[in-house]
Structure formats: structure tokens, C-alpha cells
Amino acid sequence: MTKILIVEDDKTLCETIKLALESENYEVSISHDGREALQIGNQEQLDLIILDLILPSMTGFEICQKLRERGKKTPIIFLTGEKKEEIDRIMGLELGADDYLLKPFGTRELIARIRAVLRRSMPEEIEIDAVSFGNVSLDFKKQTASKGIKPVNLTGKEFGLLKYLISHEGEVLSREKILNEVWGYETYPTTRTVDTFIHNLRHKIEEDPSRPEHIITVPWSGYKFKK
């Protein structure tokens, strides 16, 4: 599960963000103090930090700088409550932040930015042009599919989802990771979107959609692909 640390001294805002992220199945921890946040960032394995600029004991700029000096590459999204000069935003990005969000903001925009940042931080995929499994054949370049001798009509997003699953054959992929990679920043889907697409794909490529052999559900974790 994707682990996110929220560093924000406004406890009401912090709780609002936490609830929104947990509804998307992110694992969320909270800190209201700069020094405590730095300690957590150094000691724990985090996937992303949401970092307010103005904090007790240490600023967000200082936290970001110290984490980068120690070689920590955890993606960071800065939050700021003041519409300052462009130089402040540049400073944050030059210190190693990955994005910058001005308050007030909607939680859906924040989630979209989180997905975009996580997507950029993922290792590059092995490029797959074509693949066959069971009686299914896929050509990702031509975006054609067949099951036996019959063509299968797949949407562009279904091709993208299949390609991502196949590229990570045998790996358990959470709904959040799938959303980050396949949907990215362009829309605001929820984790239920993944379930709907998986359901549709199974009916198109599995021999028995109720007993899938290739797109496997891993309870409480996500999905994995098996040839």
C-alpha cells in the first residue's frame, strides 16, 4: 500500500486530507511539527510527503533540504497558504520538491497531483509491443486484440490497463498504483474505476469471467496478471 506522510500544523485541514487519501486506500500518517516530520522522513520508508511550508520548529524548505542532503528521494508536494512571488515556488522546486500547491485547494486536485507525482517517480516500464496468452493475442502498437479467431474490441484505456498488468506479470498491484500509472493526472477516477475496468476486461478475454485465469484478484491488496 502507498504510504503518505502529511506534515501540516492545521489539524482540521490535516484530518480532511487524511480522510480523503484514506478513501483512496492510501496509508496515511500525520505530523504537526517540523522536527518530528524530519525524523519520520529519515527513518520510515515513505512513498510521498505532503509538506506545509510554515511549521513549528522547522520550515518545509528546511525539511526538504535536509532530506535531500541525506539522499532521501521521497517525492514531496509543498503546500503554502500564501500567494507569494514566483521565486518562492522556484526555491522549493530547486530544493528538490516535486510539486507545489496553493491553499485553498480541493482534495480531488490534491489526489490528482499525488497520482501524477507518484507516476513520475515510478521506474520506467519494459516496452511490450505484442503478447499472447491462452487463446488471446494482443498487439499494443496496432491496438488490436483477438480471442481465438474472433476480434476483441478493447478501448484505449483497456489496452493501457492490460499493458500495465502484463508488464508487471506476477506482481501484486494495488488499485492506487494502477490509477497512478494508467490514469495519471488527466482525470479524477476513484479506485472503483479500476474494479469496473477489470470486470469488463475479464468478460472480454477470460474463458470464464467468474473464474479468471489471467487477471487475478488478490484479496485486500489488488490485482496481478498471470499468463
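Values quoted throughout were computed directly from the atomic coordinates according to the rules given, and no laboratory measurement underlies them. These figures come from a predicted structure and were not determined experimentally. Here the Cβ is made from the backbone with ideal geometry for all residues, glycine too, and neighbour counts use every protein chain on show.
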For the chain, what is the percent of antiparallel DSSP beta bridges, rounded to the nearest 5?
45
Value at 222 nm in deg cm²/dmol, rounded to 500, when DSSP H runs of n ≥ 4 in the chain each add -39,500 (n - 2.57)
-11500 deg cm²/dmol
At a temperature of 37 °C and a viscosity of 0.692 mPa s, determine how fast the chain diffuses translationally according to Stokes-Einstein, using the Kirkwood radius over alpha-carbon pairs as Rh; express D in µm²/s, rounded to the nearest whole number.
171
Near VAL131, within a Cβ-to-Cβ distance under 11 Å, what is the net charge of the other residues, with Lys and Arg +1 and Asp and Glu -1?
-1
Taking Lys and Arg as +1 and Asp and Glu as -1, residues besides GLU8 with C-beta under 11 Å from its C-beta add up to -2
Tell me, what are the semi-axes, in whole angstrom and largest first, of the equivalent ellipsoid of region 111-227 as set by the roots of 5 times the Cα gyration tensor eigenvalues?
23, 16, 13
Per q in 0.22 1/Å, what log10 I(q)/I(0) does a Debye calculation on the alpha-carbon atoms of region 3-121 return?
-1.42
For region 3-121, the count of lysine pairs 8 or more apart or interchain whose alpha-carbon atoms are under 17 Å apart comes to 7
Springs between alpha-carbon pairs under 10 angstrom, Gaussian network model over the chain: which of LYS157, LYS141, LYS18 fluctuates most?
LYS141
